[in-house]
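The values are calculated or read from the model by the stated rules, or taken from the named source; none is laboratory data. Just so you know, these numbers come straight off a predicted model, no measurement behind them. Cβ placement follows ideal geometry from the backbone for every residue including glycine, while neighbour counts extend to all protein chains displayed. The accessibility values were calculated without ligands, DNA or RNA, using every heavy atom of the protein model including side chains. Shrake-Rupley method; radii C 1.70, N 1.55, O 1.52, S 1.80 Å.
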Amino acid sequence: MPFKADKFIPQMEPHFGVEEERSVSEYMASGGWITEFRKTEEFEKAIASFTSCKHCIVVNNGTVSLMMAAIACGVKPGDEVIVPNYTMIATPNSISILGAKPIFVDVCSETLCMDLEQARLAITPKTKAIMCVTANGREPKEGLDAFVNLCKANNISLIEDAAQSLGSYTKDGRHLGTVGHVGSLSFSAPKIISTGQGGALLTNDDAMAYQLRRLKDFGRSSGGLDIHDSIGFNFKFTDLQACVGIEQMKKLAERVDRKKRIFYRYKSLLDGVNEVSFFTQDLDNTTPWFIDTTVEDRDQFMLFLKAKNIGTRVMYPPINKQKAYQIHGNHPVSDMIGKKGLWFPSSAHLTDDEILYITSMVREFYGH
Ligand SMILES: *Cc1c(COP(=O)(O)O)cnc(C)c1O
């Protein structure tokens, strides 16, 4: 064994370099006001260009962006929005904060994305939107277009929670988050690129972009003027974060490539270890954000790895069973993920030696 983990390998950590540091210092020396302005516009343009989307609007975080997407789709108190039962809790919370009701449907066992048929069955006269999470960069099994059609047929909106999908595309090359009416990204610390906190809205609809820009800036009719056409709030970004974000975007292509190689290496090195199962991941079109798996004997396995300086993380428990919601329902796949789902170390700067070490420890635990 050429490599020994003498320091802990975290399940995930963000990575910033001298480029980010230099950009922030230069910005500070230039006398910028820190609040959003030219750097933020430049960051938005970089995302719009990368995703080939007409409009990108950055905001505080990926929870606020989902909430704004719901507002822009007309979600009001008492309305229902269909969400997957396997997701980060921010997805349903962005609906609950509006006084609307998230309706939980189970996910598909291959993609961990919402199951189309279950979504169809959950539609009622109160349904305003479907919030589809492209889990770990994956498209739903039936394709996002099937969700577009379902929404169209029922006159409701499709919101894409693409927080985990920067660098991931549909099979015909459209960036995730740009297929529905509006999509949302997150730049929180564990995401593919990070600005510490941060979120973005993607839309090709001019009227929606206009509304979202008003919404994040007190409903101002134009910058700096205290004329308000509509009710808005303050969900603005900062140029300081944008300095970091612009540098992170320059590293995105490299990270996308690295994440794919990391996934491939784990998968090949764990070939034949039946106790660890991977989900389908189309490496041509999608970028595995985290290495997500189901494992046998999860608790003991995690303890064993921790003792070997390897960090892992339990995947999201089924949301309907969280104390915050406690809603009865039949969700066998998200229940199974709650029992067996495990994320392996997945940072973009994880080395090949580290992966070899991790997988050899996995083999040791299961006696292979
Ligand atoms: C990270 C994440 C969010 C929340 O984003 P924040 O920027 O942390 O608010 C929402 N949905 C999904 C699927 C996420 O992974």
- Item | Index of the failed condition, THR111 passing every other in (1) in a loop (DSSP other than H, G, I, E, B); (2) more than 16 Å from the ligand (Cβ to nearest atom); (3) of a type in the set (S, T, N, Q) | (2)
- Task: Would you check which residues across the range 140-190 are open to solvent by 10 Å² or more (accessible area, probe 1.4 Å), within 16 Å of the ligand (Cβ to nearest atom) and in contact with a Pro (Cβ under 8 Å, 6 or more places away or on another chain) and list them?
- Result: ALA189, PRO190
- The lone condition ILE82 fails out of (1) buried (at least 24 other Cβ atoms within 10 Å of the Cβ); (2) within 12 Å of the ligand (Cβ to nearest atom); (3) not basic (Lys, Arg) is (2)
- Message: So MET88 passes all but one of these: (1) surrounded by 22 or more Cβ atoms within 10 Å (Cβ to Cβ); (2) within 15 Å of GLN164 (Cα to Cα). Which condition number does it fail?
- Response: (1)
- Query: Given the structure, is THR91 out of contact with any Gly (no Cβ under 9 Å at 6 or more places or on another chain), assigned to a loop (DSSP other than H, G, I, E, B) and within 16 Å of the ligand (Cβ to nearest atom)?
  - Reply: no
- Scanning for something touching a residue at least 40 places away in the same chain (Cβ under 8 Å) and either over 14 Å from ASN320 (Cβ atoms) or open to solvent by 30 Å² or more (accessible area, probe 1.4 Å) (or both), does the range 94-106 turn up at least one residue? no
- Query: Could you count how many residues in the range 222-241 are of a type outside the set (Ser, Thr, Tyr), touching a residue at least 60 places away in the same chain (Cβ under 8 Å) and not in a helix (DSSP H, G or I)?
  - Reply: 3
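Yes or no, residue by residue, for (1) touching a residue at least 24 places away in the same chain (Cβ under 8 Å); (2) under 21 Å from LEU356 (Cβ atoms); (3) open to solvent by 40 Å² or more (accessible area, probe 1.4 Å):
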{"position": "CYS243", "(1), (2), (3)": "yes, no, no"}
{"position": "SER268", "(1), (2), (3)": "no, yes, yes"}
{"position": "VAL273", "(1), (2), (3)": "yes, yes, no"}
{"position": "THR280", "(1), (2), (3)": "yes, no, yes"}
{"position": "THR293", "(1), (2), (3)": "yes, yes, no"}
{"position": "GLU296", "(1), (2), (3)": "yes, no, yes"}
{"position": "ALA307", "(1), (2), (3)": "no, yes, yes"}
- Residues in the range 194-211 that are away from the ligand (no atom under 16 Å from the Cβ) and not in a loop (DSSP other than H, G, I, E, B): how many? 7
- Task: Quick one: LYS128 ticks every box in (1) in contact with a Cys (Cβ under 7 Å, 6 or more places away or on another chain); (2) within 15 Å of the ligand (Cβ to nearest atom) except a single one, so which number is it?
- Result: (2)
